[in-house]
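One structure is given here, and the rest of the page talks about it.
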Amino acid sequence: MAAAASVQGQTLSAFMWGAVSDRVGRKPVLMVGNMSACLSVSALGLAPDYPAAVASRFVGGLFTAASGVALKSIIAESYGPVGQAKVIGYTTAGYSIGAIAGPIIGGVLAVPCDHV
């Protein structure tokens, strides 16, 4: 449910972030997305109970959608049609590797003394 809350937040705010990035520029929106990712993960780690964790994921999703929107806009404006496909492929691969490696690294670091 917590993961779904993040995706729901991203879905609800993606179009808004597109309009904001058109008005104020890509870099500020990308920075908001990256900073909010740090803050939402910290809020998740400090959540006292499950409802607070779900709420932090939802609010994080509302703001982290900014990164994806800005990044795709930057790629679209910086590369031609052939280059866009290649770069978006690399970006998607990077997200996938992070989604796989992140929990593994986190699991190892969660109890570091047991792995020595």
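Taking the Cβ-Cβ separation of Y95 and D22 as r and a Förster radius of 22 Å, what is the calculated FRET efficiency to the nearest 0.05?
Numbers: r = 24 Å, r/R0 = 1.07.
That pair, Y95 with D22, gives E of 0.40.
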Tell me the angle of helix 2-24 to the major Cα principal axis of the chain, expressed in degrees between 0 and 90 and rounded to the nearest ten.
30 degrees
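Could you provide, to the nearest whole Å², the per residue accessible area of the chain with probe 1.4 Å? Mind showing how you got there, number by number?
Values: 7640 Å² over 116 residues.
For the chain, the per-residue accessible area is 66 Å².
Let me spell out the model: positive unit charges on the Cβ of Lys and Arg, negative unit charges on the Cβ of Asp and Glu, origin at the Cα centre of the chain. What dipole size does that give, in debye rounded to 20? Intermediate values should be presented prior to the final figure.
Numbers: 6 positive and 4 negative charges, 71 e Å.
About 340 debye.
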Stokes-Einstein at 25 °C, 0.890 mPa s, Kirkwood radius from Cα pairs: D for the chain in µm² s⁻¹?
157 µm²/s
On a 0 to 90° scale, report how tilted helix 50-78 is relative to the longest principal axis of the chain, with both axes built from alpha carbons and the result rounded to the nearest 10.
30 degrees
PRE reach from M1 (point 7 Å along Cα→Cβ): which of the range 24-52 fall under 12 Å by backbone N?
50-52
Under the rule of -39500 (n - 2.57) per DSSP H run of 4 or more residues, summed and divided by the residues of the chain, what mean residue ellipticity at 222 nm is obtained, to the nearest 500 deg cm²/dmol?
-31000 deg cm²/dmol
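The values are calculated or read from the model by the stated rules, or taken from the named source; none is laboratory data. Everything numeric here is computed off the predicted structure, so don't read it as measured data. FYI the Cβ positions are ideal-geometry reconstructions off the backbone, even for glycines, and counts take in every protein chain you see. Just so you know, the surface numbers come from the protein's heavy atoms only, side chains and all, with ligands and any DNA or RNA stripped out. Shrake-Rupley method; radii C 1.70, N 1.55, O 1.52, S 1.80 Å.
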